[in-house]
Structure formats: C-alpha cells, structure tokens
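Structure, as structure tokens:
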Amino acid sequence: LRSLNSAVTLIMSTVPSMSFHAEVLSVRDAITAFAAAVASGFLTFSVVRHNASLNRVSSNSSASRNSATNFVMFWNAQITFISYCLCYVLSFIDRVWYKEWDGEVWKNRDEIDFSWVGIASWSFWNIAYFTIYMFIFLRLLYSFRHSKYRISRNFIFFHICILNVVEIFFTVQAILDYGGKYVESYVVAAIGTVVILGGLSHLERTFNHRLFLLILDQREDTLTDEHDALSDRQIAIIPLIVKQTVIATVMIAALIVFLLTSIVIAVIDSVYGTSTVSEEIHTWILTAVIITIMTSMAASFRATRSFYECCCCACRKVAVKCCIKKTKRETSYLKALSLKTGTRIDASDL
C-alpha cells in the first residue's frame, strides 16, 4: 500500500492543472481503461482455469473440435477489451500530458485542435466496435456451419456492407468532433448506432430462430407420441439459447440507451447551445454502456458460467420459462401434424 501510494503521488505530481471539465473526462478515461483491463484479465484467468480442469478430467474429441472456435471467440473478446483499454489510456494521455512545440512555446492540449495521440485513441475505439459486431457474427457463423441451418454467402456479404456503412458514419463523426461541431457529431453517432443496432438485431434474431428450429428438430419420435413433453436433448439445448438471448439483449439494450442519450443531448444542445455538462453526461453514459458490453462478452463463455449465472439469475429464470413454454407448444404442434400426415415433419419443412 505504501508503494502504491508513492506511485500514485508521483503520477499525480506530473499532472498539470486542468479545468473541472477536463478532470471529469480524465477520471472517466481512467475508469474505463481500468475496467477493460480487469475484463481482459478476468476472462484470461477463467479460460485458463477452465481448460486446466478439462485437461485433468479428459481430452475427448469433441473438446478438440471446439478448440479452434473457442480460440477465435476468446481472442475476439480480448481484442475488444485491449482496444478499449488502449483507447482510453491514450485518451487520458492526450488529455493530461500531451503537448506540442510550435517553434516558440509548448502548447497544452486545450490549445491544440488536432493530435496524433487522439487519432490513435479513436482508431482503437473503432476497432473495439468492429470486434463487438464480429463477436456476435462469428458466434452465428460457427454455431451452424456444420448443419443445414448454416448461413449463406449473401448473408455474410450483407453484414460486411453494414460494417462498411458503420465505418463511414464513425469516421465522419470523428471528423465533426475534432472540428468542434458537437451537435452534428452526436447526430451522426446516433445514425451509426442505429445501423449497428439494426445489424446486431438481425444477427440475434437469425441466431435465435435457427437455434430454436434446431431445438425442435431434437424432439423424440412424433409418430407414436402425441404429448408435448420435451426430449432430453431439447432440455439440454434450451439453456444455450436462453444464455445467448439474455447476453445479446443486454448488449443491444445498452446500445439503445446510448442511442437515446445521443439524440436527447443533440436536441438539447441544438436548442440551448453546447455545454460541458451535456458532454460529461454523454461520456459517462457511454462508459456505462461500454462496461455493460464488456461484462456481457466476458459472461458469454463456458468458462465464466458461474459469473453469468450470478449476474443474470433473474433474467435467466424468466427466459427459461418462456423458452420452455414456446418449445412445448411448437413441439406439440409438430407432433400432431406428423401423426396426421404419417411422416415426420420438422420445423424447417413448414
């Protein structure tokens, strides 16, 4: 503790005097960077411990088949966490210590319109948003790549186009932000967030729909059994669809909060003029959204199952009840239809 106190004192002695607004944003940068580092470390520790326990128990073939998928998803999440951490570390450095020599004197950051450190910070922020989108996309791609419900090539091209459109909006937003046009910047950020929400919602709907069809296909013989009881395989798959639905819903809800905040602040600033208070509110809500998304990504892995069950206990119970109810209803319908026609009918046949 004494060494930590000395280190903090040494760092704070190098921080120049700043306005209250700059101090608030600097604290926000430090908190977000720390949260991203904690998320990265927590996920790494959980995955290493989980893999070690699996190696002690057995080394079956199914685990080896899933190792490549787990590796890709793990590093996708890690790139998100590391990008956010570097983004806000650079933002903190840019806000607190960055200076430029104009040939005569050193200028502080408040007197400079453009800095390469700020551009690097924005680049890492952009990478993080890209990997969040890819995290949900790759989950859909890997989950059904060996089944009849695998996604088509046109589906892949469609979401590549969405990513390119989002990139254009965020580039324009960064240019407007550096140009001091904050109201226009909020509007463009809101439009880009709408595009992201549309793409993520489409991905999540497709994932849940195909996984639900896969659950219905796991029912037992329909030609001799008309009751709506679920098979063991259906019961085993239901928690998977519930978990992914809860996590994706939380991530999308967080982005919706950010979208609504951007719209409200843009309207207020356009009527009453730009203020530091609105920027501070916007950045703190963005920080809460980022931490929520990182928490959701970390909780989506099998290695962090206990963390997910602890954080999403109430939502998980409600979602399981709804999913079981819907599965029983659809299973009963398919069984009755199969008995009527004399042949097995799957959900994909309708």
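If I stretch the segment between S306 and C161 completely, what's the gain in nm (0.36 nm per residue apart, minus their alpha carbon distance), one decimal?
Stretched out fully, the S306 to C161 stretch lengthens by 48.5 nm.
Rank these by accessible area, largest first, 1.4 Å probe: W75, W122, W284.
If we order W75, W122, W284 from most to least accessible, we get W75, W284, W122.
Just list whichever of K243/K321; K243/K325; K148/K328 have alpha carbons separated by over 21 Å in the model shown.
Pairs exceeding the cut-off: K148/K328.
So if each residue of separation counts as 0.36 nm, and I subtract the Cα-Cα distance between K326 and S152, what length gain in nm does that give?
60.0 nm
Return the whole-Å distance between the Cα centroid of the range 313-328 and the Cα centroid of the range 236-270.
Answer, in whole Å: 20.
Within the accessible area of the range 231-304, what % is carbon and sulfur when the probe is 1.4 Å and the other protein chains stay in place? Each step should come with its number before you reach the end.
Values: 2310 of 3200 Å².
It is 72 percent, rounded to a whole number.
What accessible area, in Å² to the nearest ten, does a 1.4 Å probe give for E184?
Accessible surface of E184 is approximately 90 Å².
Between A236 and V117, how high is the FRET efficiency from 1/(1 + (r/R0)^6) when r is the Cβ-Cβ distance and R₀ = 30 Å? Nearest 0.05.
It comes to 0.05.
Just reorder C311, C87 by solvent-accessible area, largest first, 1.4 Å probe, all chains present.
Numbers: C311 75, C87 5 Å².
Heavy-atom accessible area, descending, gives C311, C87.
May I ask you to derive the FRET efficiency for V27 and Y178 from their Cβ-Cβ distance with R0 = 25 Å, giving the value to the nearest 0.05?
0.65
What is the calculated FRET efficiency for K317 to H50, with r their C-beta to C-beta distance and R₀ = 30 Å, to the nearest 0.05? Mind dumping the intermediate values first?
On the way: r = 24 Å, r/R0 = 0.80.
Efficiency, from the Cβ-Cβ distance: 0.80.
Using heavy-atom solvent-accessible surface (probe 1.4 Å) with all chains present, what is the largest-first order of W125, W116?
Result, largest first: W116, W125.
The values are calculated or read from the model by the stated rules, or taken from the named source; none is laboratory data. Remember, predicted model here, so these are calculated numbers, not experimental data. Glycine gets a Cβ as well: all are built from the backbone with ideal geometry, and neighbour counts include every protein chain shown. Ligands, DNA and RNA are stripped out before the accessible areas are found, and what is left, the full protein with its side chains, is counted by its heavy atoms. Shrake-Rupley method; radii C 1.70, N 1.55, O 1.52, S 1.80 Å.
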